[in-house]
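Okay, so here's the structure we're looking at.
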Amino acid sequence: MMLRAAEELPLPLRGRWQPLRAGLVDLFYYDYQEFWFRDGRLMLLGNNGTGKSKVLALTLPFLLDANLSPTRVEPDGDRDKKMEWNLLLGGKYDERLGYVWLEFGRRAEDGEHAYFTIGCGLKAVAGRGVADHWYFTTSQRIGADMHLIGPGGAALTRDRLTAAVGEFGMVTQGAETYRRAVDEHLLHLARTATGRWSTCWYSFASRSCRRSRTRASCPGRCRRRWPRSTSRWSPTSPPRSTISSSSVTNWRR
C-alpha cells in the first residue's frame, strides 16, 4: 500500500484529544476499512445486520480496556460469541491475523498537530481460538507514517509491527501495560490524590457502575486497583466519559 500525504488525512481542530479515524484490517468481513470521525463524532448508517454495532464493538470500549471477554466486546454481551469468530468467521478461515486501531489527534497551543494511535493485533487459529494478541500505541499515523499491511498484502506480524513502530511507541502483550499507556496519554484517570492506581475501567465503560459499590460487589475485574484506604469506590470523581455501543459515538471529556 502506498503511503498517503498527511494533508489527505483528517486534521485535529481542537486542543483536546478527539478521535479522528478508526480502522479494521482483516477483521470481520473487512479486508481494510477506515471510518473517519467528524469533530469527534461518528455516525454509521445501514440496514439491520450490516455490522454497525460490530464495528463499534471491535473499537470501543475494547481499545480502552483491552478486555477480550465476550461480555465486554459483544453488544448483547453473549458469552458464546468468542472473539475468534470475528477472525475465522465460523470456519471460513483456518488461520487469520487482523488489527483494529483508533487514531486520536489534538492541536497544540503553537498550532502544531499531535497524534496518538492505539490498536490491537489478533491472531486466531481453528481449534485454538485466539492464539495470540498484542497491543500497540504510537505517535505515527497509519497510512501516512506506517502501514499495518505488508508488501505481500498480509497483515503485519507482531515482530514486524514492533519494527514498524520503533521509537515512536510501543508494542506489548500486557493488557495492564497497554491500559496504563492509554490512560497516561489520553485520559489521566488513573491516579488518586494519594497516587494509587485506582481507576475502575469497568465504570469508565458502563453506566451501571456510576454509583457507589463495595469492593466485593464490583462486577469488573479491577478490584485490585481499588484504593487500599477504602472498601468503596468513590462516586465523587466518576469517569468523565461513558462509551456505549450505539450507532453514534460522541467523544467528550
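The values are calculated or read from the model by the stated rules, or taken from the named source; none is laboratory data. Just so it is clear, the model here is predicted, and its values are computed rather than measured. All Cβ positions, even for glycine, are placed from backbone atoms using ideal geometry, and neighbour counts span all protein chains on display.
Out of GLY105, GLY121, which single residue is among the small types (Gly, Ala, Ser), assigned to a strand (DSSP E or B), under 12 Å from LEU87 (Cβ atoms) and modelled with pLDDT of 95 or more? Step through it out loud before you land on a result.
Numbers: GLY105 fails: under 12 Å from LEU87 (Cβ atoms).
Matching residue, one of GLY105, GLY121: GLY121.
Please give the number of the condition GLY111 fails out of (1) assigned to a loop (DSSP other than H, G, I, E, B); (2) modelled with pLDDT of 95 or more; (3) among the small types (Gly, Ala, Ser).
Here GLY111 clears every test but (2).
Scan the range 145-190 residue by residue and report those that are part of a loop (DSSP other than H, G, I, E, B), within 22 Å of PRO61 (Cα to Cα) and out of contact with any strand residue (DSSP E or B) (no Cβ under 6 Å at 6 or more places or on another chain). Steps first, answer last, please.
First, pick out the residues of the range 145-190 that are part of a loop (DSSP other than H, G, I, E, B): 145, 147-148, 150-154, 156-157, 173-174, 188-190.
Those still in the list that are within 22 Å of PRO61 (Cα to Cα) too: 148, 173-174, 188-190.
Across the range 145-190, the qualifying residues are GLY174, HIS188, LEU189.
Could you give me the residue pairs with C-beta distances under 7 Å whose first residue belongs to the range 173-195 and is over 23 Å from LEU122 (Cβ atoms), whose second residue is crowded, with 17+ Cβ neighbours inside 10 Å and modelled with pLDDT of 85 or more wherever it lies, and which are 6+ apart or on separate chains?
Going by the 7 Å Cβ cut-off, the qualifying pairs are LEU189/ASP183; ALA190/ASP183.
Among the residues of the range 168-183, are any of a type in the set (A, V, I, L, M, F, W, C) and within 14 Å of GLY23 (Cα to Cα)?
Kept after step one, since they are of a type in the set (A, V, I, L, M, F, W, C), are these residues of the range 168-183: 168, 170-171, 175, 181-182.
Applying the additional criterion that residues be within 14 Å of GLY23 (Cα to Cα) yields none.
The answer is no, given that none of the residues of the range 168-183 is of a type in the set (A, V, I, L, M, F, W, C) and within 14 Å of GLY23 (Cα to Cα).
Could you list, in sequence order, the residues of the range 43-81 that are modelled with pLDDT of 85 or more, over 15 Å from the mean Cα position of the chain (by Cα) and not small (Gly, Ala, Ser)?
Those that are modelled with pLDDT of 85 or more, over 15 Å from the mean Cα position of the chain (by Cα) and not small (Gly, Ala, Ser): MET43, LEU44, LEU45, ASN47, ASN48, LYS52.
Of all residues in the range 68-108, count the ones that are small (Gly, Ala, Ser), farther than 30 Å from LEU13 by Cα and in contact (Cβ under 8 Å) with a residue 24 or more places away in the chain.
Qualifying residue count, the range 68-108: 2.
Checking the conditions here, which among GLY105, GLY111, GLY98 is in contact with a Pro (Cβ under 8 Å, 6 or more places away or on another chain) and among the small types (Gly, Ala, Ser)?
One residue alone meets the criteria, GLY105.
Give, as residue ranges, the strands (runs of 3 or more DSSP E) completely inside the range 1-100 that count at least 3 residues that are crowded, with 17+ Cβ neighbours inside 10 Å and touching a Phe, Trp or Tyr at 6+ places or on another chain (Cβ under 8 Å).
Ranges flagged: 18-27.
Please state which one of ALA131, ALA114, ALA144 is surrounded by fewer than 20 Cβ atoms within 10 Å (Cβ to Cβ), more than 19 Å from PHE35 (Cβ to Cβ) and out of contact with any Ser or Thr (no Cβ under 9 Å at 6 or more places or on another chain).
Result: ALA131 is the single residue among ALA131, ALA114, ALA144 that is surrounded by fewer than 20 Cβ atoms within 10 Å (Cβ to Cβ), more than 19 Å from PHE35 (Cβ to Cβ) and out of contact with any Ser or Thr (no Cβ under 9 Å at 6 or more places or on another chain).
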